[in-house]
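The values are calculated or read from the model by the stated rules, or taken from the named source; none is laboratory data. Quick caveat, the model's predicted, so the values are computed rather than measured. Because the Cβ atoms are built from the backbone with ideal geometry, glycine has one as well, and the counts that use them run over all protein chains shown.
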């Protein structure tokens, strides 16, 4: 974090958590931790009067979230031209089974960021951003993979989205049943969920003498149960 | 599916897949399968000029997707009043590691639905919708949990979102490197990902003689590797 960066994100009328305010989080370090643990984000923007939400990979460098795609990508063109967007990252940690259907819930951590993105034109920043996206997806990978050529950089569009205005919402703990339901003969508790990596599958054209790197063999599990 | 339902969703200018058209899917059964396998959706809508994307649980009954929340939920109020929304459901199946950073990708299945929701007022439909949401979260659970009381139904807002206009996008397979990169000494392949359930954690106030139900003990894994 750059020195002088405020320790909390700006909570405006549109990003302040209104329901279940005890679940609200505005601390930058807590929000960055959600951003870092997520694998994809959902980007919402409005174009020609229609709101569209698309899943995207991303990377974070300091207080900036980078999105990338093909230079012809219509969404990045729209968002990169200064249209306001919302970037949401959600981690589901467990299913919460209450005795009553009404109190069923999920434990989750979600970050909702609102801001105006801009297209990155500086080639060095573009390279750093793309390395961050690869590194976010597979920590350790960006040092191994062949870096983008100048031609590939031109074919790639990168937008810079500020992590500035937003909030997170976090639910933890077990079911909260009404007292009169506690005697019901219905199981109650949590089913923890984790996003886990299965054994890597080598490309069919991979030369036999290329060993599986540690970062692929020991890809970290994601989720509260994994200590995330 | 109701008889007479078209086998493909309406692909309009705003929902037709523009980039990588070979990945586009419009078949209703394939889109419903993505909807059913997802756990949460991301709902985007625009209110007072700001686009917001929020994660939500959901359930599906035929060609309708139901969202629910507290009656005071601002988002459901907005969306239920006939504001157009976008509902996106994304499953990440694997990380695709190419020899070049440029060709890194993910295998995923995503459904993007656009439509105008309406608030459900009929009590019977509301009950069915809430049962569908619980059943979607934990198949088998809705028959066990105490159903909502009339008072709980009043405290809950349910909106009906039509599965009518939209598309899905699906990527499968290994990395697609440029021919001149195949000789690089860089591992390439896929890291499959799965959302798996860990052993259930009983509520601290659970009576000892209540056994863990099979649907919680054998909660199904989600992901392409799980055969999803």
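Numbers at a glance
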| item | result |
| --- | --- |
| Which numbered condition residue B:215 misses (of (1) more than 8 Å from every other protein chain (Cβ to nearest Cβ); (2) under 19 Å from the mean Cα position of the chain (by Cα); (3) crowded, with 17+ Cβ neighbours inside 10 Å; (4) farther than 30 Å from residue B:80 by Cα) | (2) |
| Residue among B:139, B:199, B:220 that alone is over 17 Å from residue A:99 (Cα atoms), surrounded by fewer than 16 Cβ atoms within 10 Å (Cβ to Cβ) and under 16 Å from the mean Cα position of the chain (by Cα) | B:220 |
| Hits in the stretch B:21-41 - residues which are away from chain A (no Cβ under 14 Å), touching a residue at least 40 places away in the same chain (Cβ under 8 Å) and either part of a helix (DSSP H, G or I) or within 10 Å of the chain's Cα centre (by Cα) (or both) | B:28, B:30, B:31, B:32, B:35, B:36 |
| Residue tally, condition out of contact with any strand residue (DSSP E or B) (no Cβ under 7 Å at 6 or more places or on another chain) and in contact (Cβ under 8 Å) with a residue 12 or more places away in the chain, over the stretch B:134-147 | 5 |
| Count - residues of the stretch A:168-181 that are more than 11 Å from residue B:204 (Cα to Cα) and at the interface with another protein chain (Cβ under 7 Å from one of its Cβ atoms) | 1 |
| Residue B:91 being touching a strand residue (DSSP E or B) at 6+ places or on another chain (Cβ under 9 Å) and more than 7 Å from chain A (Cβ to nearest Cβ) | yes |
| Residue check for residue A:87: modelled with pLDDT of 95 or more, crowded, with 24+ Cβ neighbours inside 10 Å and on the phi < 0 side of the Ramachandran plot | yes |
| One residue from A:18, A:14 being within 9 Å of chain B (Cβ to nearest Cβ), out of contact with any strand residue (DSSP E or B) (no Cβ under 6 Å at 6 or more places or on another chain) and assigned to a loop (DSSP other than H, G, I, E, B) | A:18 |
| Candidates B:101, B:129, B:124 - the one that is free of Cβ contacts under 8 Å to residues at least 60 places away in the same chain and crowded, with 19+ Cβ neighbours inside 10 Å | B:101 |
| Residue list for the stretch B:65-95, filter: free of Cβ contacts under 8 Å to residues at least 40 places away in the same chain and assigned to a strand (DSSP E or B) | B:84 |
| Search result, residues across the stretch B:42-64 that are assigned to a strand (DSSP E or B), buried (at least 18 other Cβ atoms within 10 Å of the Cβ) and either facing another protein chain (nearest Cβ under 9 Å) or at positive phi (or both) | B:42, B:43, B:44, B:45, B:46, B:51, B:52, B:53, B:54, B:55 |
| Residue within the stretch B:167-187 that is closer than 30 Å to residue A:211 by Cβ, without any contact (Cβ under 8 Å) to a residue 40 or more places away in the chain and touching a helix residue (DSSP H, G or I) at 6+ places or on another chain (Cβ under 9 Å) present | no |
| Filter result (in contact with a strand residue (DSSP E or B) (Cβ under 9 Å, 6 or more places away or on another chain) and more than 7 Å from chain A (Cβ to nearest Cβ)) within the stretch B:182-202 | B:199 |
| Residue identified as at pLDDT 95 or above and exposed (fewer than 15 other Cβ atoms within 10 Å of the Cβ) among A:193, A:182, A:206 | A:182 |
| Checking residue A:130 against (1) at the interface with another protein chain (Cβ under 10 Å from one of its Cβ atoms); (2) outside any strand (DSSP E or B); (3) over 21 Å from residue A:55 (Cβ atoms); (4) in contact with a strand residue (DSSP E or B) (Cβ under 7 Å, 6 or more places away or on another chain), the condition it does not meet | (3) |
